[in-house]
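Okay, structure first, notes after.
The values are calculated or read from the model by the stated rules, or taken from the named source; none is laboratory data. Given the structure is predicted, the values throughout are model-derived calculations rather than measurements. Here Cβ is always computed from backbone atoms with ideal geometry, including for glycine, and neighbour counts include all displayed protein chains. Areas reflect the complete protein model, heavy atoms only, side chains present, ligands, DNA and RNA absent. Shrake-Rupley method; radii C 1.70, N 1.55, O 1.52, S 1.80 Å.
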Amino acid sequence: MKKQIISLFILFSLSIFVVSFSAFFGHTFNSYEEMHNGKFGFPIPFVYQDLIASGLGYEGGFPRSFGIQMDFLDIDPVIEFNKLQFLLSVIIVYCLFTIIYFIRQKMKRETRV
């Protein structure tokens, strides 16, 4: 029982890490209008940034992938963080990890018998 609680805590910590790290992956934009409301995060976007206002001077073709812009020298980037959507993303990933964990445990028990 103690091992299972520790495993679930590790899965929860891993869920937070995976969801937090997902915000730093790029997102594909298809137009300049989409770049005004850049959404980052997985499975539910929880970080929003106006890439045009944050100093991204991109003039090219689409689709194109961009990440969160951090121009600290000229323009202060405006980044909006939605805590509720972050929490929902963590819960979704945690549930997925927990289901995989219990299926794996059940398969281990069945192979021992």
Open item on the list: With the requirement that a residue be open to solvent by 50 Å² or more (accessible area, probe 1.4 Å) and either at pLDDT 70 or above or not in a loop (DSSP other than H, G, I, E, B) (or both), what does the stretch 71-81 give you?
Closed with: Asp76, Val78, Ile79, Glu80, Phe81
- [ ] Could you tell me which numbered condition Pro43 fails, if it satisfies all but one of (1) part of a loop (DSSP other than H, G, I, E, B); (2) open to solvent by less than 40 Å² (accessible area, probe 1.4 Å); (3) under 22 Å from Cys95 (Cα atoms)?
- [x] (2)
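Take the conditions within 16 Å of Phe81 (Cα to Cα), part of a helix (DSSP H, G or I) and open to solvent by 50 Å² or more (accessible area, probe 1.4 Å) and apply them to Phe21. Does it pass? It would help to see each step written out before you state the result.
Values: within 16 Å of Phe81 (Cα to Cα): yes; part of a helix (DSSP H, G or I): yes; open to solvent by 50 Å² or more (accessible area, probe 1.4 Å): yes.
Against the criterion (within 16 Å of Phe81 (Cα to Cα), part of a helix (DSSP H, G or I) and open to solvent by 50 Å² or more (accessible area, probe 1.4 Å)), Phe21 qualifies.
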Open item on the list: Restricting to the stretch 3-18, and then to whatever is farther than 26 Å from Gly67 by Cβ and either of a type in the set (A, V, I, L, M) or surrounded by fewer than 11 Cβ atoms within 10 Å (Cβ to Cβ) (or both), can you tell me which residue is modelled with the lowest pLDDT?
Closed with: Lys3
Task: Residue selected from the stretch 82-110 under the condition of a type in the set (Ser, Thr, Tyr) and under 16 Å from Gly41 (Cβ atoms), by the criterion least open to solvent (accessible area, probe 1.4 Å) - done: Ser89
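For residues that are within 14 Å of the chain's Cα centre (by Cα) and not aromatic (Phe, Trp, Tyr), scanning just the stretch 24-40, find the one that is least open to solvent (accessible area, probe 1.4 Å). Spell out the reasoning first.
Within the stretch 24-40, the first condition is being within 14 Å of the chain's Cα centre (by Cα), and the residues that meet it are 24-27, 38-40.
Those left that are additionally not aromatic (Phe, Trp, Tyr): 26-27, 38-39.
On the way: Gly26: 50, His27: 72, Gly38: 0, Lys39: 91 Å².
Top of the filtered list is Gly38.
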